[in-house]
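A short worksheet on the structure shown next.
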Amino acid sequence: MATDNFEAVAASAGGSVASFEPENVSLGERTQRFLHNYPTAAPAFVLLMAVAFFYAIIGGKFLDPFNLSLVFQQVTIIGMIGVAQTLVILTAGIDLSVGAIMVLCSVVMGRTAITLGLPAELALMLGLLAGAVCGAINGFLITRLRLPPFITTLGTWSIFFALNLWYSESETIRSQDIAAQAPLLQFMGISFEFLGARFTTGTLSLLALFAGMWYALNHTPWGRHVYATGDDPQAAQLAGINTEKVLLSVYIVAGVICAFAAWTLIGRIGSVSPQAGQSANLDSITAVVIGGTSLFGGRGAIVGTLIGALVVGVFRNGLALAGVDVLWQEFSIGLLIIVAVAVDQWIRRA
Amino acid sequence: MNAVTKLEPILKGRNMVKRYGRVTALDHSDFDLYPGEVLAVIGDNGAGKSSLIKALTGAAPPDIGDVYLAGALVNFKNPMEGRLAGIETVYQNLAVSPSLNIADNLFLGRELLKPGFLGKWLRMLDHQKMEQIARDKLSELGLLTIQSINQAVETLSGGQRQAVAVARAAAFGSKVVIMDEPTAALGVKESRRVLDLIKDVRNRGMPVVLISHNMPHVWEVADRIHVHRLGKRHAVIKPSTHTMSEGVAIMTGAMDPNDHPAGAYALPAGAM
Ligand SMILES: Nc1ncnc2c1ncn2[C@@H]1O[C@H](COP(=O)(O)OP(=O)(O)O)[C@@H](O)[C@H]1O
Ligand SMILES: [Mg+2]
């Protein structure tokens, strides 16, 4: 009990509690803080460097509008799944089932439209509904049974994938059949040329999806609650936020986005294959992590994921154009993830 | 003043019990906070002070026992209910969301939406208005002289974070403000600001509950002092009748509160 310093305490009255004078800090610390405050700065820098690097070794062919728009097309699926993954990772979770949800939903769309012969609009709705149900199952297991997201979604990944093989009977639905019976399912593959570049409705939808999620995360109460839940769930609860409801909504929205990506996947490859999109899980996590979203939750920006997906796309495309073996593409992507995670750790110590 | 009026506590707890496994954090405890007063709560570590306020606010409802606000039975089941009823709390150690900025933290869970279509249908936040109000509230409380209400709270020092939490409670509390060791992490100057703030809040007519280990602070601002011991209200004393060392002696069990001439239960001024 500091009874003796009472006078001293009283004498030092005044002065502001929160005066925010800048302190003397080293360049390293300042960089740390800058990255802390602007989480997309690092991935943007990496993207610029990557573009400059591949321009230097490949030349004009790389910066050709057609090639750049190809990069965009190549990252459409990763980008969409990345939006879902960002949302989950912001809550300090992870969703390993995103790829399986996407394939399962594409099979639901294809089978109900072609095999059952339902109207394409209805098939599309059923696919989106399947995504919501898958997400709700994840969310239920994580919030109600309090299972860790990593293990939960590892389990549901396996389950959803098995359901996908069962419902598809391991058969591919041919592109011609879809084009003939349910062209709506290939809507996302419609392409058009613009200023020498080639765009698809899928690419435009990707941009719309990012814009929508950016709005939801930054300009609605729900978005603020997602950040707060990932940041410090107990503090969020004491502030009156129902964190279980927020988590449940996040997994459901992620499931619906995966279903949307399923529609886009059908547009991109034309057919419905139970084996498509296998790499989506890891690629989406790569995009999110390179994009500067912290695996520890509460920190990151959706724009970073778009940049992260583009970094992955630029690396793959540039290395391919440079004639480098695919194994070195994998090698460099792996290296990128590790560097990105290391930077995340370092920033967190700010 | 009229004839002596029977003063009703604004916040009242009766017979509250809270067990965590084999630990009894609250053991049939009572609590009374009267309008307009600063009630300090003192007690050893583990005496159950934080459990007491969590029981009152709904953050950790008691297993049995009742909570009354202005005479009405409320028994809040979650912190949101307490908050909606006008009780603002600075919880020990769990003040804020670090990666959100100051304005977002102040309005967390009670965000303002843009008027009209944007707010109603697009749920669009009114960032400008919230920042404006945050700036006004903080400077009104003398807590903020800064440019950057958009600064992430984690970039602030521990004391500054605490100040944000204190400001949030002081700014939004409409019936009761509760602070659980708000100055524990603060330096001398910062603690002084918080104490002045508590007096400000009281002077505006708002009752305050202050949990603190700092006896000089308690004796300076409190009207009455609830002494918590072994999960119970052990005594209620007054700075005007008890010295700090008597208070500490009662708190640690070295003195029986009934042995003091002023007795073991002090009523607020104006109550009978
Ligand atoms: N969430 C909890 N889980 C288990 N035990 C708890 C919990 N909260 C408090 N306790 C226990 O209850 C007792 C009272 O704690 P607390 O109310 O925090 O006391 P104080 O705030 O006076 O230090 C302590 O023994 C503490 O360990
Ligand atoms: Mg405590």
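Of the candidates A:D177, A:D232, the single residue that is in contact with a Ser or Thr (Cβ under 9 Å, 6 or more places away or on another chain) and either away from every other protein chain (no Cβ under 14 Å) or farther than 27 Å from A:R348 by Cα (or both) is A:D177. Residues in region B:194-228 that are out of contact with any Asp or Glu (no Cβ under 7 Å at 6 or more places or on another chain) and among the basic types (K, R): B:K199, B:R202, B:R204. Contact map, region B:171-185: residues that are of a type in the set (S, T, Y) paired with residues that are within 12 Å of ligand 2 (Cβ to nearest atom) and assigned to a loop (DSSP other than H, G, I, E, B), Cβ distance under 8 Å, separation 6+ or inter-chain. Pairs shown: B:T183/B:S212. Counting the residues of region A:29-79 that are polar (S, T, N, Q) and closer than 30 Å to A:V256 by Cβ gives 5.
Scanning region A:64-84 for residues that are among the small types (G, A, S) and within 27 Å of A:G255 (Cβ to Cβ), which turns out nearest to the chain's Cα centre (by Cα)?
Restricting attention to region A:64-84, the residues satisfying the condition of being among the small types (G, A, S) are A:69, A:79, A:82, A:84.
Next cut, within 27 Å of A:G255 (Cβ to Cβ) only: A:79, A:82, A:84.
Numbers: A:G79: 6, A:G82: 2, A:A84: 5 Å.
Residue satisfying both the conditions and the ranking: A:G82.
Note on region A:92-110: residues that are in contact with a helix residue (DSSP H, G or I) (Cβ under 6 Å, 6 or more places away or on another chain) and in a helix (DSSP H, G or I) amount to 12.
Here A:F199 meets each of (1) assigned to a helix (DSSP H, G or I); (2) more than 7 Å from every other protein chain (Cβ to nearest Cβ) with one exception, condition (1). Looking at (1) farther than 30 Å from B:P61 by Cα; (2) touching a His at 6+ places or on another chain (Cβ under 8 Å); (3) outside any helix (DSSP H, G or I), which one does A:I241 not meet, given that it meets all the others? Just one mismatch for A:I241, condition (1).
Scanning region B:167-196 for residues that are within 11 Å of another protein chain (Cβ to nearest Cβ) and touching a Leu at 6+ places or on another chain (Cβ under 6 Å) turns up B:A167, B:R168.
Under 6 Å between Cβ atoms, at least 6 apart or on separate chains: pull out the pairs that start in region A:215-227 with a residue that is facing chain B (nearest Cβ under 8 Å) and at positive phi and end on any residue that is part of a helix (DSSP H, G or I) and surrounded by 18 or more Cβ atoms within 10 Å (Cβ to Cβ). That search, which allows pairs on different chains as well, returns nothing.
For B:V67, the conditions (1) within 12 Å of another protein chain (Cβ to nearest Cβ); (2) among the β-branched types (V, I, T); (3) touching a helix residue (DSSP H, G or I) at 6+ places or on another chain (Cβ under 6 Å) all hold with the exception of (1). Selection of region B:220-261 for residues being part of a loop (DSSP other than H, G, I, E, B) and within 19 Å of B:Y34 (Cα to Cα) yields B:A222, B:D223, B:K238, B:P239, B:S240, B:T241. Would you confirm whether any residue within region B:79-86 is part of a loop (DSSP other than H, G, I, E, B) and within 16 Å of ligand 2 (Cβ to nearest atom)? Checked region B:79-86: no residue is part of a loop (DSSP other than H, G, I, E, B) and within 16 Å of ligand 2 (Cβ to nearest atom).
Once region B:193-231 is narrowed to residues that are among the basic types (K, R) and modelled with pLDDT of 95 or more, the residue that is farthest from B:K175 (Cα to Cα) is B:R229.
The residues of region B:11-51 that are in a loop (DSSP other than H, G, I, E, B), away from ligand 2 (no atom under 15 Å from the Cβ) and not hydroxyl-bearing (S, T, Y), listed by number, are B:G21, B:R22, B:P35, B:G36, B:E37. Can you tell me which residue within region B:70-123, out of those that are surrounded by 18 or more Cβ atoms within 10 Å (Cβ to Cβ), more than 11 Å from chain A (Cβ to nearest Cβ) and touching a residue at least 60 places away in the same chain (Cβ under 8 Å), is nearest to ligand 1 (Cβ to nearest atom)? Selected residue: B:I87.
Residue by residue through region A:268-284, note down the ones that are assigned to a helix (DSSP H, G or I) and either crowded, with 24+ Cβ neighbours inside 10 Å or at pLDDT 95 or above (or both). Listed by number, the residues that qualify are A:A280, A:D283, A:S284.
For the criterion of being in contact (Cβ under 8 Å) with a residue 24 or more places away in the chain and either more than 16 Å from ligand 2 (Cβ to nearest atom) or under 27 Å from B:N203 (Cβ atoms) (or both), B:L56 passes.
For region A:235-262, the tally of residues that are at the interface with chain B (Cβ under 7 Å from one of its Cβ atoms) and of a type in the set (A, V, I, L, M) stands at 5. Only one of the numbered conditions (1) more than 14 Å from chain A (Cβ to nearest Cβ); (2) of a type in the set (G, A, S); (3) within 9 Å of ligand 1 (Cβ to nearest atom) is violated by B:G36, and that is (3).
The values are calculated or read from the model by the stated rules, or taken from the named source; none is laboratory data. Just so we're clear, the structure is a prediction, and the values are computed from it rather than from any experiment. Don't worry about glycine lacking a Cβ; one is built from the backbone with ideal geometry, like all the others, and counts go over all protein chains shown.
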